[in-house]
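A.B. asks: Submitted below is the structure of interest, expressed as C-alpha cells.
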Amino acid sequence: MPDKLESMLRSAMPAVDFCSMRYLRSRDEILTVRRNVPEPVQRGDDAGVMVAIRHDGGLGYAATCDLTPSGLAQAVRQAGRFAALTAGKSVVDVSSLAMPAPQGEYVGPEEIPYASVSLGEKFDLLRKTSERLKIDERIVDWETSFWHTAVESLYVTSGGGRVRQQLSYFAPAMSATANRRAETQTRTLGSLRGQCKQGGMEVLQMCQFKRAGQQLAEEALALLQADDCPTGTMPLLLASDQMMLQIHESIGHPLELDRILGDERNYAGTSFVTPDMFGTYRYGSERLNVTFDPTRPEQFASYGWDDEGAAAKKEFIIQNGVLRRGLGSVTSQARLGLPGVACGRACNWNRPPIDRMANLNVEPGEATLAEMIAQVQHGVYMKTNKSWSIDDSRNKFQFGCEYAELIENGKLTKVVKNPNYRGLSATFWRSLRAVGRKETIGVFGTPYCGKGEPNQCIRVGHASPACLFENVDVFGGA
Amino acid sequence: MRDYFYSLADDLAGRCTGPEVLLLGFSGEDSDFVRFNRSLVRQGGAVRQQYLSLELIDGDRHAKEIFTLCGEKTADLAKAEAVLASLREQLPATPADPFLLYAAEVHSTEQIGENCLAPTEDCLAAVLKAGEGKDLVGLFAQGGVYAGFANSLGQRNWFSSHSFHLEWCFFAKNAHNDKAVKTSYAGFEWSPEAFARKVADATEQLAILARPPKTIDPGAYRVYLAPTALAEFVGLLGWGGFSLKSHRTKTTPLLRMIESGATLHESVHLAENTREGLAPNFTSAGFIKPGRVELIRAGRYGECLISPRSAKEFNQPVNAGMEVPTSLDLAAGELSDEKILSTLSEGVYANQLWYLNYSDMPAGRITGMTRFGTFWVEGGKIVAPLNVMRFDETVYNALGTNLVALSHRRDFLPSSETYDQRSVHSSRMPGAVIRDFRFTL
C-alpha cells in the first residue's frame, strides 16, 4: 500500500467534528474445473475509499473509486453534504458519540501464499480432484473450485487513528450431483463454499480437499437409493457443517442490535429478542455457550479491528444458556445503552459499516460423537446445509440438509434423503441435550451473508462441535 | 460516461496484436442512498463506482479481469494497459476452453435514459414529512446506472438509466409492533402527487393493522398471493429453474416437468420479457438478447435461458447472458380486482412473502414465510392482520392443480436490490388465488 495514499487521505480530511477514511483493495481470483473442463480464470481488482463525516449532529458518507486528489475532495464534499442534510434529522445522536482512535496493524495468516503456486499447478490440482468425482455414470455434474481474495485496508481518522490490515481469504468448493430419472441429489464440501477460511493453500489441507471427492460422490449415489427422511418428533444430531447455519440464522441474526433497534425492519427483519432480555433470558439449555470471536486467525471473519475502529476481542454472547450481550457496534451500543462487540463491518469500500456477525462459535462440550449417537433410540443425524428459511423476527425456521443417517438403538443404521427440520429459535436451543467435544468441531463460514440497505453481502465464520437436540420436528421430501 | 468508455475501448482495441480479440465491459453507478428508521435518517450517503472488464481471447484461450476506474483517462488507460499485458502473459498458462463463445457479428446498440431525477434533498424532505407521526423505516435510492460493451471487432453497446426507488414500511403501533404496510414508489421522475397517493393508501391500510392479529393453525388454506408475493414465489424458480445448464445437469427445480411430464395450470404463461424490462439488452459476450423468451407456455415447459457457455457446451443458440431471468413476465388472468376477495372467500391474503427456499428442489417444493400486509379474510372481507406463517408447498400444486385464478391486473415491479450495485431487474406479475395452500408452522 503506497505511503502516498495515506498522505492523500490525510490531506483530504476536512475540519469537522469527526472524519474517517477507509481505503480497501480486494484482489480476487476464481478458478473452476467443471466436468473436468477448466473454466476461464476470473480475476478482479477492486479499490476505493469510504469517507464518513460526523458534524453538527449529522452523519454522511461518500464512497468513491476515484482515488485522485480531486476524486477524494469530491467524496469529502458529498459526505459533508449528507452530514448537513441529516443534521437534526438523525435517529443516532452522533454528537455525543466518541469514536475509537485505533493504532496498529494486523496481518492474517497465509502459511503457503496463494500466489506462490502457479496457475498451471492450481488447475492441475483442480483437474485431478475433479476427475475423482466422476465415479459412476449417474454422476451427471461435478465441479471443483478455488476462490481466493487478498484484501488490504487502511483506516484513518481525524482523531489520529490509523489501522492497516492485510487478509487472505480462501474459499475452496467441490460438488458431485447424481441423477436417476426425476431424482437428483447433490453432495458438496461443506455447502456453498462453507469450507472458507483465512489462509493460503494450507486451507486445502485443513479441509481434506484432495481426499474428499470420492466420499462425496459415493454419498450422492447412496442418496439416490435412499428412503426419504422419516417424519416425526425425534432427537436430531447436527454435524458442524449444519450447526454453522443453525447458529448463524437463529442466534447470530436475532442478536444483532441494529435489528433490535429497528434499522432492518424494511428489509432483513427485526428480532424476537428485546433489549430487556440481555443478562437474564434463557436462550438455550445450560450446555449452550456461544462466543463472538474475531481473534481466531484461521476463521473466515477474523480481523484486528472492525470498520469503525473497535479492537477485536472474544466475548461470551451466551453463557451456560443465558443471553449475555448482543452483536452491536460502537454506534449501536451507544444507541441502546447495552454492551456489544467489535462488529461494525462493511462488505466493501462502497458500503457503510453496520452490525454484522464476524466469527460466532459454539464452544465445545464433553461428548464424543459416538456417545451422542449412543444416547438416541430413534432419531436422525444430519450433515451439510442445503436449505434455509426463517421468519423476519428470526424465530420460525425450517432448514434442510444434503445427507442424513437414521439412528436406531444407539447406532447409525442407514442413509436417508431430503432431511428437513423446523422449529422456533426461542425454544429450539433449550432442547440442546449434548454438545460435542473438541474433536467434533468443524470450522466453517460463508461469503454470502446478506443484510442492510443498501444491501451488503459479507463474510462470516462459524466453528461448532456436533450437537444433539431432542424433540425436533423432522421430515423428508415431497 | 459512454464517450469515456468508448474512448478507452478505442485505445485498448488498438493494442490487440495478431489474432487477439478483446472484449470490454463497463458497469457503473452514481447513486445517493438515504436509509430511514423511526421516521428519521439512519444513514445517508453517495456511492460512485466504475468498473471496466477486459477479456483477452487468443484462439481457444481467454483470460478476464475486472477492475475499478478512477475516471481520469491517463491513469485509467495506464492501468488498463497493465491489465492487458498481464492477461497476455497469462494466456499460455491458461487451459484451452472448449466452450468459449463470443459474438463475432457486430451489433451496436444504445439505450440511453434521460435524467429527470429530482434533487435528493427534495425527496428526503418529502419522505420525512410523510413519516411525521408515524413509524417509517426504509430506503431511498436514486441516481444513474450504466453498462457498456465493446469489442475489438468494432461493436459498441451502451445502457444508461436514471431512476429512483423508495421502499418503505409504516409500522403499526400495536401490541407487538411487528405489523407493517410495505410500499414501493419507483420511477424516473419524482411526482409529489403520486407519492402522496401512495402515502395515503398506506396510511389507510395501517388502520387495519391496528386490529388484534389472528393466528391460524397449520393446515391447508385458500390464499391470495398479491403480485409482490407471487413475484417472490415465481422469482425463486429463477434460481436454476430456467437455466439450460441446470436442465441438462438435472439440477433444475422443474425437473419433474422435463422428466415426468408434470405440468402447471394451463393459464400459466411465463416469459423472460427483455423488451419490456429495465435491463440492458446485450450480454457481456456481446450477444443481443431476444425481446422475449417463452419459458412456460400454457403450463408446459417451453424454452430455457441459454448463456454463451451453455450454448457451446450443449449446441444451442444463445438467448441470455447469465441463465437467470432479469425481466420475468407472468401473463394476466381473468380475475378482476373487485372479485379477488369474494373469490378468496375465506383464507389468507398475502401481500408479501419472505425468505423462500427449496425444501425439496427436484420436487419443486418451496418453503417460506408470510410477511408484511398479510390478512385473514372471512366472508370475502378482510377481518384481521395475520401473524406470520410458514408455508411449504410445491410449485405443481400452487401454480398447477390448486390454482384457482390469476388476476387480470398486473403490477410492474422494479427490483429494489442493491447488492454490489442497484439492480435493473424487474417483473410483471398478476396476483393468484390458490386453494389448499399448505401452512406448516
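A.B. asks: Quick one: accessible surface of B:Lys381, probe radius 1.4 Å, all protein chains present, in square angstrom to the nearest 10.
C.D. replies: Rounded to the nearest 10, the figure is 140 Å².
A.B. asks: Shifting gears a bit: Using only atoms on other chains, find how many Cβ atoms lie within 10 Å of each Cβ of peptide B:377-390 and report the average. Could you put the intermediate results ahead of the total?
C.D. replies: Numbers: counts 0, 0, 0, 0, 0, 0, 0, 0, 0, 0, 2, 5, 2, 7.
Mean partner-chain Cβ count within 10 Å for B:377-390: 1.
A.B. asks: Can you figure out the FRET efficiency of A:Gln377 with B:Asp217, using R₀ = 25 Å and their beta-carbon distance, to the nearest 0.05?
C.D. replies: In this case the efficiency is close to 0.25.
A.B. asks: OK, next. What number comes out for accessible area per residue over the range A:228-475 if the probe is 1.4 Å? Units Å², please. Before the final figure, lay out the partial values.
C.D. replies: Values: 6800 Å² over 248 residues.
With the other protein chains kept in place, the range A:228-475 gives 27 Å² per residue.
A.B. asks: Using the Cα centre of the protein assembly as shown as the reference point, and only Cβ charges (+1 on K/R, -1 on D/E), how large is the resulting charge dipole? Debye, rounded to the nearest 20.
C.D. replies: So the dipole magnitude of the protein assembly as shown works out to roughly 1260 debye.
A.B. asks: First measure r as the distance between the Cβ atoms of B:Ala298 and A:Ala84, then evaluate 1/(1 + (r/R0)^6) with R0 = 56 Å and state the FRET efficiency to the nearest 0.05.
C.D. replies: FRET efficiency, B:Ala298 to A:Ala84: 0.45.
A.B. asks: Further question: Given the Cα-Cα distance of A:Glu111 and A:Thr427 and 0.36 nm per residue of separation, how much length would full extension add, in nm?
C.D. replies: Contour length minus the Cα-Cα distance gives 109.5 nm.
A.B. asks: Could I ask something else about it? Nearest 500 deg cm²/dmol is fine: what mean residue ellipticity at 222 nm does the protein assembly as shown get from its DSSP H runs of n ≥ 4 alone, each adding -39,500 (n - 2.57), divided by its residue count?
C.D. replies: My calculation for the protein assembly as shown gives -6000 deg cm²/dmol from helical runs alone.
A.B. asks: Using 31 Å as the Cα-Cα cut-off, could you pick out the over-long pairs in A:Lys197/B:Lys245; A:Lys89/B:Lys182; B:Lys179/B:Lys339; A:Lys128/B:Lys79; A:Lys128/A:Lys197?
C.D. replies: A:Lys128/B:Lys79, as the Cα separations exceed 31 Å there.
A.B. asks: Follow-up question, since we're still on this one. Extending each Cα 7 Å along its Cβ direction at B:His107 and A:Glu202, get the distance between those two points in nm, one decimal.
C.D. replies: Distance between label points: 5.2 nm.
A.B. asks: Can you give the mean number of other chain Cβ atoms that lie within 10 Å of the Cβ atoms in peptide B:97-104?
C.D. replies: 2
A.B. asks: Something else: Rounded if a/c is under 1.5, else prolate if a/b beats b/c, else oblate: with a ≥ b ≥ c from the C-alpha gyration tensor eigenvalues square-rooted, which is the range B:115-224?
C.D. replies: The shape class here is oblate.
A.B. asks: Can you list the residues of the range A:260-274 whose accessible area drops by at least 30 Å² going from the chain on its own to the full set of protein chains, with a 1.4 Å probe?
C.D. replies: Checking the loss per residue gives A:Asp263, A:Arg265, A:Asn266, A:Tyr267.
A.B. asks: Another question, then. With label points built 7 Å along Cα→Cβ from the Cα atoms of A:Lys313 and A:Ala370, find their separation and express it in nm.
C.D. replies: 4.2 nm
A.B. asks: For the protein assembly as shown, rounded, prolate or oblate, judged on the Cα gyration tensor with a ≥ b ≥ c (square roots of eigenvalues), a/c < 1.5 rounded, else prolate if a/b > b/c?
C.D. replies: Rounded is the answer for the protein assembly as shown, as its axis ratio a/c remains below 1.5.
A.B. asks: How much length would be gained if the chain were fully extended between B:Asp201 and B:Ser260, taking 0.36 nm per residue of separation minus their Cα-Cα distance, in nm to one decimal?
C.D. replies: My answer for the length gained is 16.7 nm.
A.B. asks: I want to make sure I understand the PRE zone here: with the label point 7 angstrom from the Cα of B:Glu89 toward its beta carbon, which residues in the range B:31-53 have backbone N atoms less than 20 Å away?
C.D. replies: The answer is B:53.
A.B. asks: Packing-wise, with mean Cβ within 10 Å as the measure, how do B:21-34, A:95-108 rank, highest first?
C.D. replies: B:21-34, A:95-108
A.B. asks: With a 1.4 Å probe, how much accessible area is buried between chains A and B, both sides summed, in Å² to the nearest hundred? Walk me through the numbers on the way to the answer.
C.D. replies: Values: alone 19150 and 20010 Å², together 31940 Å².
Roughly 7200 Å² of accessible surface disappears when A and B pair.
A.B. asks: Another question, then. Leaving ligands, DNA and RNA out of it, report the carbon-plus-sulfur percent of the accessible area of chain A at a 1.4 Å probe. Don't jump to the answer; show the numbers that get you there.
C.D. replies: On the way: 7500 of 15530 Å².
Ligands and nucleic acids excluded, carbon and sulfur reach 48 percent.
A.B. asks: Then there is this: Is there a simple number for the mean count of other chain Cβ atoms within 10 Å of the Cβ of residues in A:106-114, and what is it?
C.D. replies: 0
A.B. asks: Let me ask you something else. Sorted by accessible area (1.4 Å probe), largest first, how do A:Thr68, A:Thr157 line up? Each step should come with its number before you reach the end.
C.D. replies: Values: A:Thr68 30, A:Thr157 0 Å².
Sorted descending by solvent-accessible area, the residues read A:Thr68, A:Thr157.
A.B. asks: Given chain B, what whole percent of its Cα pairs are spread farther than 42 Å?
C.D. replies: That tail contains 23 percent of the Cα-Cα pairs.
A.B. asks: What does the accessible area per residue of the range B:2-209 come to in Å², with a 1.4 Å probe and no ligands, DNA or RNA counted?
C.D. replies: 38 Å²
A.B. asks: Could I have the simple spin-label model distance between B:Glu276 and A:Ser11, label points 7 Å from Cα toward Cβ, reported in nm to one decimal?
C.D. replies: 5.5 nm
A.B. asks: Counting Lys and Arg as +1 and Asp and Glu as -1, each charge on the Cβ, what is the dipole of chain B about the Cα centre in debye, to the nearest 20?
C.D. replies: So the magnitude is around 1180 debye.
A.B. asks: How charged is the neighbourhood of B:Gly138? Take every other residue with its Cβ under 13 Å from the Cβ of B:Gly138, and add Lys/Arg as +1 and Asp/Glu as -1.
C.D. replies: Combined, the nearby Lys, Arg, Asp and Glu give +2.
A.B. asks: What does the C-alpha gyration tensor say about the overall shape of chain A? Classify as rounded when a/c is under 1.5, otherwise prolate if a/b is larger than b/c, or oblate.
C.D. replies: oblate
A.B. asks: Within a Cβ distance under 9 Å of A:Asp45, other residues only, what is the Lys/Arg minus Asp/Glu net charge?
C.D. replies: Residues close to A:Asp45 contribute a combined charge of +1.
A.B. asks: In whole percent, how big is the carbon plus sulfur part of the accessible area of the range B:219-439, probe 1.4 Å, protein atoms only?
C.D. replies: Numbers: 3660 of 7690 Å².
Of all accessible area on the range B:219-439, carbon and sulfur atoms account for 48 percent.
The values are calculated or read from the model by the stated rules, or taken from the named source; none is laboratory data. In this text the structure is predicted, and so the values were computed from the model without any measurement. With ideal geometry, Cβ positions are generated from the backbone for all residues, glycine too; neighbour counts draw on all protein chains shown. Remember, those area values only see protein heavy atoms, side chains included, never the ligands or the DNA or RNA. Shrake-Rupley method; radii C 1.70, N 1.55, O 1.52, S 1.80 Å.
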